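Peer 1: One structure, as structure tokens, below. Some questions next.
Quick note: the coordinates plus some simple rules give every number you see, no bench work behind them. Here the structure is a predicted model, which is why all the values come from computation and not from measurement. All Cβ positions, even for glycine, are placed from backbone atoms using ideal geometry, and neighbour counts span all protein chains on display.
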Amino acid sequence: GYKTWRSLKKPLKDRLNIVLSRNSEVEPQPSVVVVRDILSVLSLKDYLSCDLFVIGGEQVYRSFLPHVDKWLVTEVPLAVEGTDTFMPGDYLQGFKPSGSQQLEDNLRVTFYEKQG
């Protein structure tokens, strides 16, 4: 989403950055594609030979829930005051853990795959 894009300050390296936004305020850059709706994002998958990764905003995560077949979840052991955006409570419903990897002392990523 646009708010997440703004928070990044610059495109993520070595990948195509697809920004889902109804705004046209995203300035054109070589590794950035701006699309207006989720169907446009999903249609890009037919032309790309790679997985699509979603980073958020709550509304973006909710929109993609029916289309996700894998989750890579990194839980950061940090309490942040005044947060206003959260993952949907049931986002892992229908998924099971398929592995995990320790990144740092208190930081682990867990992989989940959709069941049947």
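Peer 1: Taking amide H positions as placed in the peptide plane 1.01 Å from N, state which residues far from Val34 in sequence (5 or more) or on other chains have amide H under 5 Å from it.
Peer 2: Sorted by chain and number, the residues that satisfy this are Val19.
Peer 1: For the chain, what is the calculated [θ] at 222 nm in deg cm²/dmol (nearest 500), taking -39500 (n - 2.57) for each run of four or more DSSP H residues and dividing by its residue count?
Peer 2: -4500 deg cm²/dmol
Peer 1: To the nearest 20 debye, what is the magnitude of the charge dipole of the chain about its Cα centre, counting +1 on the Cβ of each Lys and Arg and -1 on the Cβ of each Asp and Glu? Working shown, then result.
Peer 2: Numbers: 14 positive and 15 negative charges, 57 e Å.
The calculated dipole for the chain is roughly 280 debye.
Peer 1: I've got another one for you. How much net charge surrounds Val76 when only other residues with a Cβ under 13 Å from its Cβ are counted (Lys, Arg +1; Asp, Glu -1)?
Peer 2: -2
Peer 1: How much net charge surrounds Lys114 when only other residues with a Cβ under 12 Å from its Cβ are counted (Lys, Arg +1; Asp, Glu -1)?
Peer 2: Surrounding charge for Lys114 is 0.
Peer 1: Report the GluC sites (Glu not before Pro) located in the range 37-115 that are in a DSSP loop and have at most 15 other Cβ atoms inside 10 Å of their Cβ, or state none.
Peer 2: Passing both the DSSP loop test and the Cβ count: Glu81.
Peer 1: The range 91-112 to the range 1-76: how many Å between their Cα centroids?
Peer 2: 21 Å
Peer 1: Could you point to the residue in Leu78, Tyr112, Leu52 farthest towards the positive end of the range 46-116's charge dipole, with +1 and -1 charges on the Cβ of Lys/Arg and Asp/Glu respectively?
Peer 2: Toward the positive end, the furthest listed residue is Tyr112.
Peer 1: Can you work out ³J(HN,Hα) from phi for every residue in the range 100-115, in order, using Karplus 6.51 cos²θ - 1.76 cosθ + 1.60 and θ = phi - 60°, giving whole Hz and x for Gly and Pro?
Peer 2: In residue order, the calculated couplings are 7, 9, 7, 8, 9, 3, 10, 10, 10, 9, 10, 9, 10, 10, 5, 8 Hz.
Peer 1: Treat each spin label as a single point 7 Å out from the Cα along the C-beta direction, and report the Leu39 to Thr83 distance in nm.
Peer 2: Each label point lies 7 Å from its Cα, and together they span 3.4 nm.
Peer 1: Loop only by DSSP, 13 or fewer other Cβ within 10 Å of the Cβ. Give me the trypsin sites (Lys or Arg not before Pro) in the range 16-103 that pass, ordered by residue number. Don't skip to the end; give the middle numbers.
Peer 2: Working: sites: Arg22, Arg36, Lys45, Arg62, Lys70; in loops: Arg22, Arg36, Lys45.
Sites meeting the loop and neighbour criteria: Arg22, Arg36, Lys45.
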